[in-house]
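The values are calculated or read from the model by the stated rules, or taken from the named source; none is laboratory data. Bear in mind that the values here come from a model prediction, so they are computed numbers and not experimental data. Virtual Cβ from ideal backbone geometry, glycine too; neighbours counted across all protein chains shown. The area values use the complete protein model at the heavy-atom level, side chains included, leaving out ligands, DNA and RNA. Shrake-Rupley method; radii C 1.70, N 1.55, O 1.52, S 1.80 Å.
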Amino acid sequence: MQPRRPEGFDGLGYKGSAWGRGDEGPPPYQHSFPARSFSSSGDLSQHWVTTPPDIPGSRNLHWGEKTPQYGGDGNVAPPGLGEENCNAGGSGEQLSRFAGFGIGLASLFTENVLAHPCIVLRRQCQVNYHARNYHLSPFSIVNIMYNFTKTQGPRALWKGMGSTFIVQGIALGAEGILSEFTPLPRELTRKWSPRQIGGHILLKGLVYVIVTPFYSASLIETVQSEIIRDNPGILDCLKEGIGRVIGLGVPHSRRLLPLLVLTFPTVLHGVLHYIISSLVQKCVLFFIKKKKTPAQIPSEGANVAQNILEDYFPELIANFAASLCADIILFPLETVMHRLHIQGTRTIIDNTDLGYEVLPINTQYEGMKDCINTIKREEGMLGFYKGFGAVVVQYTLHATILQITKIIYSALLQNTA
């Protein structure tokens with residue numbers, strides 16, 4: 001390896017010079033030399049030589065030691081541009097990540113775990129055409145929850161929760177695969193066009209077509225009574241959904257509706273729920289941002305905790321309002337869809353009037369139109385809203401958890417900041 005040094009370089013001096021060999025002292029500094037700093041463009045009074053890199057073994061350095069930047073007097077180099085706020089920015093970013101993860105986890109836990117008993121009762125009331133108590137009030141729903149827990153144990157309120165997660169995973173996977181192999185957009189950009197909106201809605205519709213048989217299997221696990229049901233496996237939802245597609249698996253009665261009949265109400269409900277929730281979410285976010293006064297807008301000097309809460313909670317409130325509005329508006333359609341899905345599956349549900357005993361499902365609807373006319377004729381218009389009290393309990397619980405989470409995180413972030 002050839003040494004990388006000038007030909008005239010000899011140790012600390014140059015060839016032909018006495019300095020470095022002990023003959024004479026070092027040459028005086030030439031003030032007329034145009035010294036120039038890398039950090040300034042016009043100041044010519046500083047030395048142009050920068051601090052060499054710290055190489056262990058050179059200049060009597062040992063591992064872990066560094067050359068003093070400004071001599072041995074212990075002076076510390078001044079911070080560069082923006083370094084004075086490095087610690088503050090790092091702590092603020094950590095707080096933001098902590099708050100975002102915690103708030104999102106609390107919302108996800110509330111929507112999918114704590115709200116599942118309400119979903120179970122809501123679906124059981126919707127498919128129970130025998131019921132005389134429609135459970136339109138949240139108080140009757142709480143009473144029937146207590147009776148189910150007393151007779152069957154807490155497990156009766158969380159049945160079918162694993163299959164609901166499987167259905168959500170299938171929907172997310174199908175959406176990702178379709179968006180990768182088709183030109184259908186998974187998300188809309190700000191500069192959207194009617195063609196992009198149509199393709200995006202078409203993508204959602206195709207996802208619900210794929211999910212339909214697995215949704216039927218999940219619905220059965222959710223409403224089936226724990227009294228007569230064996231312990232289901234985790235992947236039973238997948239097995240029964242695939243068996244429903246190919247015509248194999250658990251035997252069903254002749255009243256079982258084909259998947260083509262079930263696909264239309266399922267896709268219609270899913271697409272309308274997505275459209276309504278998206279529109280409501282955008283409107284709520286718009287009004288929240290519009291109502292903010294200049295004093296409420298987060299600034300650089302404001303409290304970090306307050307800024308974080310102002311960033312995350314408006315979106316959670318918008319999602320809460322969007323889901324609530326979509327569920328209320330589409331509740332009658334959901335009742336019809338669930339009755340069509342459960343028909344002919346030989347499902348036995350709990351008696352929602354008493355909280356004990358079981359009832360068989362023996363409906364004979366010919367399709368979506370016949371189901372609507374039958375419910376209107378035999379159960380009245382309120383028959384479409386059976387189990388509506390469970391929606392009130394579900395979203396009351398959700399709003400309470402959000403408010404408690406906001407109070408807790410506000411206190412924690414303020415103390416940490």
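State in Å² the accessible area per residue of the range 304-417; use a 1.4 Å probe, count heavy atoms of protein chains only, and round to the nearest integer.
Value for the range 304-417: 44 Å² per residue.
Given labels modelled 7 Å from the Cα in the Cβ direction, how far is it in nm from His252 to Asn415?
Inter-label distance under the simple model: 5.5 nm.
For Ile201 and Ile228, compute 0.36 nm times the residue count separating them, minus their Cα-Cα distance, and round to one decimal in nm.
The span from Ile201 to Ile228 would gain 5.7 nm if fully extended.
Under the Karplus relation 6.51 cos²θ - 1.76 cosθ + 1.60, θ = phi - 60°, what is the ordered set of whole-Hz ³J(HN,Hα) values for the range 313-322, x standing for Gly and Pro?
So the Karplus estimates, Gly and Pro as x, are 6, x, 5, 5, 5, 5, 5, 4, 5, 5 Hz.
Taking 27 Å as the cut-off for C-alpha to C-alpha distance, list the pairs among Lys159/Lys386; Lys204/Lys289; Lys191/Lys290; Lys204/Lys282 that go past it.
Beyond 27 Å: Lys204/Lys289.
How many percent of the accessible area of the range 162-221 is carbon or sulfur, using a 1.4 Å probe?
Of the solvent-accessible surface of the range 162-221, carbon and sulfur hold 67 percent.
Please report, as a whole percent, how much of the solvent-accessible surface of the range 328-417 comes from carbon and sulfur atoms (probe radius 1.4 Å).
Solvent-exposed carbon and sulfur of the range 328-417 make up 59 percent of the total.
Which FRET efficiency value, to the nearest 0.05, do you get for Leu382 and Phe286 by plugging their Cβ-Cβ distance into 1/(1 + (r/R0)^6) with R0 = 30 Å? Could the numbers behind the result be given before it?
Numbers: r = 35 Å, r/R0 = 1.15.
Efficiency for this residue pair is about 0.30.
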